[in-house]
Structures are given as structure tokens and as C-alpha cells.
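J.: Just passing along the structure, written as C-alpha cells.
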Amino acid sequence: MNSLSNIQEQYQRLNLEEIRITEKLDLLMGQQCDIEAKLRNVSLLVPRLKSVKSDAKHLSGMIHFTCTLAENVSAKVRELDIAKGRVSECQKRVNDLLDLQLCREGVISAMKNEDFEKAAAHVHRFLSIDETTLKLTAGDIAQGPTVDSSLVLLHEAQAQLCKVLQQKFDEAVRDTDAASVERFFKIFPLLNMHEEGISKFGSYLAAQLKEKTQKSLRQADGESTSVRANVYFADTLTVLLESVARIIEIHQPLVETYYGPGRLLQVVEYLQPECDKQANQILVEFRRSRQLDKQIHLVSEVLSNANKALHEKCDPRILDAVLAELTLLSSRTVLYLRFLRRRMANDLEVGITEEQTRDLRMNEFEKLLQNKTGINRAVQELLGHYIMLERYFLVESVSKAVAMDTAVEGSLTSSIVDDVFFLVKKSIRRSLTSCSIDSICAVINNACTLLEEDYALVFQQQCKLGFPSGYLDLTQAYNAIQSSLQQGSIRLQPSDTEKTKANFLTALNNIETSIECIETLDKNVSHEIQINLGSTMMSRDQEKIKSCLAGFQTSKSKFRHLLDFGHEQLKSSAIKPRIKPWVDQLLSVNHVIDEEEFSCYEAQDPFIQELNLHLDGFMSGFKDSLTVNNYQTLIGTLTSQVAQQFEKVIFKTAFNRLGALQLDKEIRALITYLSTTTTWTIRDRFTRLTQIVTILNIETLAEISEYWGPNAGTVTWRLTPQEVREILMLRTDFRADEIKRLKL
Amino acid sequence: MEDYKYLFKVVLIGNAGVGKTCLVRRFTQGIFPPGQGATIGVDFMIKTVEIDGLKIKLQIWDTAGQERFRSITQSYYRSAHALILVYDVSAQPSFDCLPVWLREVEEYASPKVLRVLVGNKVDRDDREIPPAVGEGFSRMNNMYFIETSAKDCSNVDKLFQEIARELIQDANSNDGPIGQQDTTHLDGAAEKSWSESNCCKS
């Protein structure tokens, strides 16, 4: 504390402290009267507390007393309860004892009367009694020996009943006495012999199945001439699978009632192996009888060496029947497996509450179905063969249709289109009857391959040959004759050319129609799939089918490309060379003319009428041999070609004002004529040409600014400034240097 | 319409049990299903991947390896843009069968299909096919090569990503619509491996 500032600081601090303490004191003083009032209240309450305390003590005593009382009372009730329980237990034991006697007597008499149900019921009652307690009870009372002897007797009765039951069951099986079999089957669970019962019954059902199938298989030889002979094995398999289904249908309720739910798997474990065995026998017989393996061998040979001609080929028509039967075999199996799965799922749902066990059982069941020698696998194998045979059927039939392709009277297409699409449709439809999604997809895939490869190739080759253009001028004709003379014969006779021409146009029509056919096929197939299988398909299956059907779209685009290629061929060999000389005629018509010549032209057209006549003649040559769409495409190509050629020629011609007017008239006449040939507008193909004519027809160079540049308005010019200059140069009455000076 | 630029079909083939289904499930669902049962016929999954900002939809067809489904699976070869031939690096027989599979590919698939050889199950200790052997085979047959493990996920995404990338390039260089398979040119004997830096890291 040596400096003034320090002292001042301390003083300040003390002042602040003082203020703070004063405030605090004020506050406490303020509270004083409040606290005093509270204290007064408290001192008033003190005497009352005493009475409260005594009251509480009293209450506690009361509660204590009541509690003891209640406990005393309830203890008695509890004792009563225990006593009652003991009494009823006693009663039960007495009842059991009485029942034991009753059972004993009942069993003896029932056995004597061969009333096995009654005997079993007695044994069942006996089995539900707790034997050890019974013995204890018996020890407590004097009746001991009787009870013991009853027990012994009942045990004996049980053993005997078991033996008799099994014996009787076997007897009933031997006598094929279905009613007795069922009767004894119901008794097993009464003797706690669930497993034995199901095992015996399962074996019995399996044996029945075997016998039935063998019988229907034996009929095979006798019935070879019947109408169903073609699908005999499919029918036999149907009978087998229906029998299994019926057995399950009939006996499941029986098993469920007497053995409890959740036991279907056990029954099926006996039935399915037998079903597999019988099915396999049918399928083996099927393969043998229909010579399937030989056909498979042949077909795979042919398919893998597609180019080599084999001596022995399988006639696709013979395959027809086998293919149909294969799809039937598949569809029956698919239906059967679906039935079985549904039943099993339902049974497990009811019988087993624990989800894990249920899944485990379901897996066991699936394993049963996937058995290496099972029907499921055998049919999968057959379907593999089916797909290959179906592919062969299609490939062979289509190559036949190609070979036998002929023109059809009154039709623009040849027989190949109808034939091929009929076959493809037939093939895919047949696959639908198999009910196997994977097979349907595979057949659709193969059909697309065939359309895009084998079938499209036919047209591709025809298009590549091109459209013979005939002799366009003398030199060409001369050259052609020269070359054929050198080869020793005149090959290109007019009739030949005509035929090639017709063939080309037919190919074009065939391609165009094929596109429509693919479209229809796509639609029909998806529709039929939805109708036939839609309800049973999972979403994954739907997706699969959808994706495979999309293959048709790819095929369609392939044909579209082919069609474009064909039209391109037609353009380069028929349209372009023809049109050129016709349009080139314009060059010989003077377009630098005076009034007199102009009116002369009006009186006698120098050019355009002839051109229109030529075009008319050209088009009428095609009109009746092309489909509507192809004809329209042709007109389109023709129009563009005329416009292009016209443009070229114009750039080689000189014009004056009247000559340009003449050209304007000519172009208008051309457009008017061409518009009459088609229903859609062709004007857009003449846009450039009309613009050229507009430019050519200006009075003075200055006028160009009214059309061009900022004054163009809604007109979209297709010409470049350079082209505009070139066009203007064609006018003999415009000066070149002025044209150059134009600002465009 | 869904929002994607390209749709490519990818088909997996190879012996039964080499892990085709597991590869597909790992890639499309990010799971490795233990105790996967044999595939019946064909199955297919869809996954959209993004390559350089482009959305590519891959339609992946997972086929059964067992012989009896062969004619079903064969029907899918032709429309495939890429074929993945899978073998199990711990099972010599699956590698020995490769030539048979290749013959099938030659016979049924489009000549310009993208062919990829995949050695799967590299996570296993009992490897029988060294990477170099697989790579040699792929080079001889003009295929891409990569080793994967569906179990520990190594190279699975890479496999499909690279396929998508390659297919985009093919589609662009052919300049035609997808699915057009007229012109054919295979790019010579160019070194085809995506995995030089990756396959041997384990």
C-alpha cells in the first residue's frame, strides 16, 4: 500500500463492499417481519402437534390389529384351498383307480369282442394316467395287489393290441380292404403309436400308388391306336400325379384329425419317393417309346454342325407330337408341385408355431423335391431337351418355309412371312403350355434369334442383290449385251429382270410386313402369357418374361434397319439414275426469255408436263407392287431426289426475270402434282427449292433486303448467304459486282 | 421411363458351384448368402451403376451351372452385351472346363460380346489356380481377367464397374444404337487386364 492509486483502489473497493453490505442488511431487515410472522404461526401450531401424534399412534394400532385379523382369516382360506386341491387330486386318483378297473374290464371284453376301437380307447385312457402316482396311491391303500395286476394286465393288453393292430392292419392291406385300413389307421394314435401309424399308412398309400400306375402303364400297349395315343405318357403321368394329389386331398383331414396338424410332411415322405419312382418309370418308358434319345442325338448333331447336310434328319413334323407331349409332362409336374407346396405350407402353418422349425421343415420338404432321382429333376432334364428340340423344330421348319417361298396370288408379300410367323407363334404357344417360365423365356429368346438371324438373312441377301434398274441408255444396254455375249449366253432376259424386280419389291414388302407381324406377335404373346399364367407368376417371373419379350423390340429394330437398307438400294439403283435425265431436261430449256417466248411456253409447256408424266409413269409402276407404307416411303425418297436434282440443275442454268417466273410456274406445277400422289405433305421437302425460286424472282437486287436478314419475319432460311449470292449470279440481268456488294 | 442412359445385359456362366449367384448377390444386394442352393434355370437382378456421371442400368442374368439347364442358359448368350465366365480358384475342374464354355460362347454369343474371365473365391486358403495361370488363359483367349471374392467383397464392384465402363466405350465407338450387332471388330490382341495392380495383393 505504497502508492496513492493503490490506496484509492482499496478505498473504492471498501466503498463498494460497504454498499453491498448495506443492501444485504436492508434485505434482511425487510424479511424480518415476515420471518417473525411465520415464527408466530409455528408457535401456535406446536400444541396441536401433540394431539396429532397420539392420533397417529392410535391409527397405527388399529391397522396392525386389522392386519392380523385379515391374515388369520386368509390363512384359513388358503388352507381350505390346499385341502380342496388335495381332495380333487384324491378324487382324480380314485377316478383313475376306478377307470383302471373299468379299463381293465373294458379291455378284456373289448378284446374278446374284437372291438379294437373300444379297447384302444381304454388303453388310451390308461396311458393318460400317471402310472407312478397310481402305484404310490395303490401302496397307500389296501387294494395294492389289484392295482398292480390291473397295470400288468393293461400293459399286456397294450402290447397285445399293438401286435393285433399291426397284424390286422397288414391283413387289411393284404386284402386291400380300404375301410379296415382306415379303421386301424385311426387306432394307432390312441396307443401313442403316431410314427408307426403314419409309417404303415404311408407305405400302404405308396403301394397303392405303385399298383395303380403299373396298371395304367400296362395299358400302354393295348391303346396305341386311340386318339390319346400321342399323349399317352402325359396322360399316364397325369393319372399318377392326380392320384397322389387325391390321396393327399382325402387323407390329409384324416391325418390332421387323428394325428394332429403338421404331420403332412411325414406322409409325403413316404408318398413322394414312390411317386418319383413311378414317374421315373413313366418317363423312361416315354423316352424309349418315343425314341427321344435318338432324336436328341440327331438334333444336337444337326444343330452343332449347322452347315453340314446330314443324311438322317429329324422331320420337324414328327417332332411336333413329342414336343406337345413334353410340354404336357412339364405342365402336369408344375401343377402338381405347386399343389404340393401349397398344401405343405398350409399344414406347417397350422401345425408348427415356431417359425424357425417351420422353415426347417419346409427346407426338408424342398430337399425331398430336389431329390436326384425325383420327378422334378427328371422333368427339368426333359425341358432342357424340349428347348433344344423346339429350337430345332423352328430352325428346320423355317428353313423349309424359306425353301418353299412362293409368290401368293393377290398378295404383296410371299408365303414366307405368313409361314414363318405361323411357326414362331406355334412354337411359343406350345412353350406356354409347359407352364415353366424358364422354358417359355428360352423359347422366346430362341425365336428372336431365329428371326434376327436365319429369317432376316433371307431378306438381307435379297436386298443386297439390289433392284435391277433395266437399261437406262444405249451404252448401258450395249455393255450389258456385250458382257453376256462374252459369257456365251444372254443371261439378262427381260423376263429375268422383271422377275428380279418383283422379287426385290416382294422382299421389301416382306420386311415391312414382318415388322408388323413382330409387333402383333409381341402383343399376342404377352397377352396370352397374362391370361394363362398371370395369376400364378411371381413378380420376378413377370420381370423375366418382360425382359425376354423385349427381345422382339430388338428384332423389330433389326428389320427396320433392313427396310432402310432396302429403300436405300432402291434409291441408288432405281430412283436416282432415272430421275437425273428427266430433270436434266431443264438444261435444254432456255430460261433467258422475252415476253413472246414466255407466252409461247405458256401455250406449249416445254418441260414440266413431261417430267410429271415421267414421274407418274415411274410411280404407277410401283404403286400396285408395294405395301402402302413402302409406297409412301418410295414417294418420299423420290420427292427428295427430284428436289435435290432440280436444285443441281438450277445452279447450271441462267435466268432472266421472265425465265425465273417460268421456273416458279414449273416448280409450283411439280409440287401440285406430287401433292396429289400422297396423303401427307411433301412441301417440306421442297423448302429449299421454293426459297431458291423466291430469291431468283426478285425484281431488283435491292429487293433482297425485304426478304433477308431482319425482315425475314417468320421465314427460316435454309440457304446460306453464299448460296444466295450464287443464286443471284444466275440472273443474267444482275451485275456480279453489285451482288458482291450486297450485305447479307 | 426410368432415368438411365444405357441398359446392358450381363450374363454369368461357368460350372456349378463356382459362386456366380454369390457374386451377383454381393454386387446387387451387398450380401453373401451362406449355403446358397443351386440356381434353377436362370435368375436376374438389376442394378444401376454410375460411371462418370452417367447412369447405367445393368441387367444381370445369373445362370444355373448344371448341365440340365444348359439349353435354357444358352438362349441368353446372344442378346448379352457382356459374358462373365467364372471359375473357382480353389477347384481345378472348374478351370479345366473353361474351353468347353468358350466353345459354347463361340457358338451362341454375338462375336463382339465383351468376354470377361473371373477367378472367384480368392479368399480361400486352398487355392489351386495361381493368378498367372488364369491371366495366361484369358490373354490367349482375348478376354479380360480379374480375380474376385464374393465372400470378402474384393474386386466385385470393380468387376461390374469396369464392364459398364467398357460397354459404354464399345457403344460409343460403334456409334449405333445399343443392341445393334451388325458390324464386328474385335480390338486385336490388346492387353486386357484390369487387375494387374489388384489381383495379387492378397
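The values are calculated or read from the model by the stated rules, or taken from the named source; none is laboratory data. Since the model is a prediction, treat every value here as computed from it, not as a measurement. Don't worry about glycine lacking a Cβ; one is built from the backbone with ideal geometry, like all the others, and counts go over all protein chains shown.
J.: For region A:564-663, please list each of the helices (runs of 4 or more DSSP H) lying entirely inside it that holds at least 1 residues being in contact with a Phe, Trp or Tyr (Cβ under 7 Å, 6 or more places away or on another chain) and on the phi < 0 side of the Ramachandran plot.
T.: It comes to A:576-584, A:608-623, A:628-650.
J.: So, of the residues in region A:412-442 that are of a type in the set (Val, Ile, Thr) and more than 14 Å from every other protein chain (Cβ to nearest Cβ), which turns out to be nearest to residue A:336 (Cα to Cα)?
T.: Among those residues, the one meeting the criterion is A:433.
J.: Within the bounds of region B:146-161, is there any residue that is among the acidic types (Asp, Glu) and outside any loop (DSSP other than H, G, I, E, B)?
T.: Taking every residue of region B:146-161 in turn, at least one turns out to be among the acidic types (Asp, Glu) and outside any loop (DSSP other than H, G, I, E, B).
J.: So, in region A:536-557, exactly how many residues are facing chain B (nearest Cβ under 8 Å), touching a residue at least 60 places away in the same chain (Cβ under 8 Å) and not small (Gly, Ala, Ser)?
T.: Qualifying residue count, region A:536-557: 2.
J.: While we're here: If you go through region A:318-335, how many residues are more than 14 Å from residue A:439 (Cα to Cα) and aliphatic (A, V, I, L, M)?
T.: 5
J.: Which condition from (1) within 14 Å of the chain's Cα centre (by Cα); (2) within 14 Å of chain A (Cβ to nearest Cβ) is the one that residue B:143 breaks?
T.: Condition (2) is where residue B:143 drops out.
J.: In this structure, does residue A:555 turn out to be of a type in the set (Ser, Thr, Tyr), under 18 Å from residue A:435 (Cα atoms) and either surrounded by 15 or more Cβ atoms within 10 Å (Cβ to Cβ) or not assigned by TED's automatic domain parsing to the domain that holds residue A:331 (or both)?
T.: Against the criterion (of a type in the set (Ser, Thr, Tyr), under 18 Å from residue A:435 (Cα atoms) and either surrounded by 15 or more Cβ atoms within 10 Å (Cβ to Cβ) or not assigned by TED's automatic domain parsing to the domain that holds residue A:331 (or both)), residue A:555 does not qualify.
J.: Are any of the residues in region A:344-354 within 14 Å of chain B (Cβ to nearest Cβ) and either in contact with a strand residue (DSSP E or B) (Cβ under 6 Å, 6 or more places away or on another chain) or part of a helix (DSSP H, G or I) (or both)?
T.: No: region A:344-354 contains no residue that is within 14 Å of chain B (Cβ to nearest Cβ) and either in contact with a strand residue (DSSP E or B) (Cβ under 6 Å, 6 or more places away or on another chain) or part of a helix (DSSP H, G or I) (or both).
J.: Further, regarding this structure: What do you reckon, is residue B:10 modelled with pLDDT of 90 or more and within 14 Å of the chain's Cα centre (by Cα)?
T.: Taking the combined requirement at face value, the residue satisfies it.
So that you can scan it fast, the table gives a plain yes or no per residue for (1) within 14 Å of chain B (Cβ to nearest Cβ); (2) acidic (Asp, Glu); (3) under 22 Å from residue B:80 (Cα atoms):
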{"position": "A:525", "(1), (2), (3)": "no, no, no"}
{"position": "A:534", "(1), (2), (3)": "no, no, no"}
{"position": "A:561", "(1), (2), (3)": "yes, no, yes"}
{"position": "A:570", "(1), (2), (3)": "no, no, no"}
{"position": "A:584", "(1), (2), (3)": "no, yes, no"}
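J.: Related question: Check region A:404-411 and report whether any residue there is hydrophobic (A, V, I, L, M, F, W, C), more than 12 Å from chain B (Cβ to nearest Cβ) and crowded, with 22+ Cβ neighbours inside 10 Å.
T.: Within region A:404-411, not a single residue is hydrophobic (A, V, I, L, M, F, W, C), more than 12 Å from chain B (Cβ to nearest Cβ) and crowded, with 22+ Cβ neighbours inside 10 Å.
J.: Evaluate the following for residue A:286: is it crowded, with 16+ Cβ neighbours inside 10 Å, in contact with a Phe, Trp or Tyr (Cβ under 6 Å, 6 or more places away or on another chain) and not in a loop (DSSP other than H, G, I, E, B)? Before the answer, list the steps.
T.: Numbers: crowded, with 16+ Cβ neighbours inside 10 Å: yes; in contact with a Phe, Trp or Tyr (Cβ under 6 Å, 6 or more places away or on another chain): yes; not in a loop (DSSP other than H, G, I, E, B): yes.
Judged against the criteria, residue A:286 is a match.
J.: Could you say whether any residue in region B:3-23 is among the hydrophobic types (A, V, I, L, M, F, W, C), surrounded by fewer than 16 Cβ atoms within 10 Å (Cβ to Cβ) and without any contact (Cβ under 8 Å) to a residue 24 or more places away in the chain?
T.: Within region B:3-23, not a single residue is among the hydrophobic types (A, V, I, L, M, F, W, C), surrounded by fewer than 16 Cβ atoms within 10 Å (Cβ to Cβ) and without any contact (Cβ under 8 Å) to a residue 24 or more places away in the chain.
J.: Quick check on region B:28-40. Is at least one of its residues among the hydrophobic types (A, V, I, L, M, F, W, C) and within 9 Å of chain A (Cβ to nearest Cβ)?
T.: Yes, the conditions are met somewhere in region B:28-40.
J.: Return yes or no: is residue B:31 under 23 Å from residue B:79 (Cβ atoms) and part of a loop (DSSP other than H, G, I, E, B)?
T.: Judged against the criteria, residue B:31 is not a match.
J.: Scan region A:373-403 for residues that are within 13 Å of chain B (Cβ to nearest Cβ) and free of Cβ contacts under 8 Å to residues at least 24 places away in the same chain and jot them down.
T.: Once the filter is applied, which keeps residues that are within 13 Å of chain B (Cβ to nearest Cβ) and free of Cβ contacts under 8 Å to residues at least 24 places away in the same chain, region A:373-403 yields A:377, A:380, A:381, A:384.
J.: Here's another thing I want to ask about it. Just wondering, is there one or more residues in region A:520-535 that are more than 25 Å from residue B:41 (Cβ to Cβ) and either modelled with pLDDT of 95 or more or not assigned by TED's automatic domain parsing to the domain that holds residue A:625 (or both)?
T.: Within region A:520-535, one or more residues are more than 25 Å from residue B:41 (Cβ to Cβ) and either modelled with pLDDT of 95 or more or not assigned by TED's automatic domain parsing to the domain that holds residue A:625 (or both).
J.: Another one. Check region A:358-372 and report whether any residue there is within 12 Å of chain B (Cβ to nearest Cβ), among the basic types (Lys, Arg) and in contact with a Lys or Arg (Cβ under 8 Å, 6 or more places away or on another chain).
T.: Initial filter on region A:358-372 (within 12 Å of chain B (Cβ to nearest Cβ)): A:363, A:366-367, A:369-370, A:372.
Going one step further and asking which of them are among the basic types (Lys, Arg), we end up with A:367, A:372.
The next check asks that each one be in contact with a Lys or Arg (Cβ under 8 Å, 6 or more places away or on another chain); those that pass are none.
Among the residues of region A:358-372, not one is within 12 Å of chain B (Cβ to nearest Cβ), among the basic types (Lys, Arg) and in contact with a Lys or Arg (Cβ under 8 Å, 6 or more places away or on another chain), which makes the answer no.
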